[in-house]
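Quick note: the coordinates plus some simple rules give every number you see, no bench work behind them. Note that the structure is a prediction, hence the values are computed from the model and not measured. Using ideal geometry, Cβ is built from the backbone for each residue, glycine included, and neighbour counts are taken over all protein chains shown.
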Amino acid sequence: MNHIYGKTIILGVTGGIAAYKAAALTSKLTQKGAKVHVIMTASAKEFITELTLQSLSKQRVYSDTFQERDPAEISHIDLADSADLVLIAPATANILAKMAVGIGDDMLSTTMLAVTAPVMVAPAMNVHMYQHPAVRTNMQTLASRGVHFIEPGEGLLACGYVGKGRMEEPETIVAVVNEFFAGRDMAAQGPLAGKRVMVTAGGTVERIDPVRYISNDSSGKMGFALARAARAMGAEVTLIAARTDVAPPQDPQIDLVRVESAADMYAAVSSRWSDCDLLIGAAAVADYRPRISAETKIKKSGDTLTLELVKTTDILDTLGKIKEKQFVIGFAAETGNAELYAKDKLVRKNLDLIVANDVGQEGAGFGTETNIVSIYSSEGLVLDLPLSSKDEVARRILQLAAERMAGAAV
Ligand code: CTP
């Protein structure tokens, strides 16, 4: 199905040999019914003409910030506000660097500073440039801000090298864009549409010194599955993730916030708390942290070393006790007596639901692809889920939350 029809897309074209592919991209997106506003950099114009892209998009092409043609508008702000999606294809190492640092010295980079719509980039560059640590760091920075990468496939590059660096083909980029809008259209009708959901994930890291820390076995898989499931049901999702073993969801619509310690996680969650409708605490938050985190590496001395640990702030406990409209779900990963401990945590932390799992069971708990959980409310057992994928467990948890939140709102 065509989900591109009627959407407004800013297509940023930067200066690489793959700029010629922007013509096919503009044409395909326009044919599917999108309004495509092309912004070219000066070097892109060395590879492809403004007139080509203007003729294909049937829209005026922008390139110079200072060439305001209509006195009633400020192009880069109006353009940025109008977009459902910004796509930069091809994206050179230069535009990635400018975006990562926040430089606005031409129409495209300035517009990128004003954009609030989701951003996708299709990099294209020489294989060695693509692997350069500076480029990798910039890409990681952008990815952590929610920029979605349409990664180049391996193939023969214009410079003669074979490897990653080629821009993805226009057909594939159009398919990715269509899939993105399909997800968004579906989400707009989902049971959590309009709700703000916050999910904590991963294991916190409590520093002993710059090279040593206390953490736990949490992989982040359950929290990531919850964030994806909440998004698929239409929620606006903020994912607060500590140390994780797996890649976070590549969804530009999920706001990913990286944290390290329990204190960082508490700060990130509590600053967003008043806007939140549903909080799910899937993170394994350290209960204790070293009282002193040494600024330099601790040197070996006596036969024993005593670490003094102090309690961290319990995020769910603190917020559960002051909650108003918020629906709060906790997790209880136990190694025995799961039901007893879970019910105790539910009451103690004033939670609406608690998801209990016995991490000692095969197929349950940290690192696995599956989980076996029992969900309790203050009335008792609500749902017993046999061995299921973490995605399925996440879907069932969110379904329950959506039903209960809708019931409470009536
Ligand atoms: N949790 C939290 N902040 C903490 C510790 C835990 O928000 N500092 C949350 C977890 O994300 C989880 C729930 O509380 O959703 C239960 O975590 P758990 O460590 O099992 O609970 P504790 O109250 O710390 O109990 P225990 O004595 O078993 O460690």
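Data overview
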{"read-out": "Among M139, M265, M129: highest mean-square fluctuation, GNM of the chain, C-alpha pairs under 10 Å", "value": "M129"}
{"read-out": "Estimated FRET transfer efficiency (D275, V176; beta-carbon r; R0 45 Å; 0.05)", "value": "0.90"}
{"read-out": "Inter-probe distance in nm under a simple model that places probes 7 Å from Cα toward Cβ, at K45 and T8", "value": "2.4 nm"}
{"read-out": "Max mean-square fluctuation residue, GNM over the chain, Cα-Cα springs under 10 Å, options S301, S63, S374", "value": "S301"}
{"read-out": "Label-to-label distance, nm, for residues given as L309 and D81 (7 Å Cα→Cβ offset)", "value": "5.3 nm"}
{"read-out": "Under 15 Å from the Cα of K299 - aspartates and glutamates, other chains or at least 8 residues apart", "value": "D209"}
{"read-out": "Bridge type composition, the range 8-187 - antiparallel percent by DSSP, nearest 5", "value": "15 percent"}
{"read-out": "Greater than 22 Å apart at Cα, pairs in K58/K98; K221/K323; K195/K323; K98/K221; K323/K390; K28/K58", "value": "K58/K98; K221/K323; K98/K221; K323/K390"}
{"read-out": "Extension gain from Y288 to K164, taking 0.36 nm per residue of separation minus the Cα-Cα distance", "value": "40.2 nm"}
{"read-out": "Per-bin percent of Cα-Cα distances, the chain [10 Å]", "value": "5, 20, 26, 21, 17, 9, 2, 0"}
{"read-out": "The range 74-129: radius of gyration and largest Cα-Cα distance (Dmax), Å", "value": "11.6, 38"}
{"read-out": "Selection from G302, I322, C276 lying farthest towards where the dipole of the range 276-323 points positive, charges on Cβ", "value": "G302"}
{"read-out": "Helix 338-348 vs. the chain, principal-axis angle (Cα, 0 to 90°, nearest 10)", "value": "80 degrees"}
{"read-out": "Relative contact order of the range 196-409, defined on C-alpha pairs under 8 angstrom at six or more residues apart (%)", "value": "19 percent"}
{"read-out": "Rg over Rh [alpha-carbon atoms, Kirkwood Rh] for the range 1-126", "value": "0.93"}
{"read-out": "Aspartates and glutamates whose Cα lies under 15 Å from that of K345, excluding same-chain neighbours fewer than 8 positions away", "value": "D287, D314, D317, E334, D358, E379"}
{"read-out": "Distance (nanometres) between label positions extended 7 Å along Cα→Cβ at Q140 and R258", "value": "0.6 nm"}
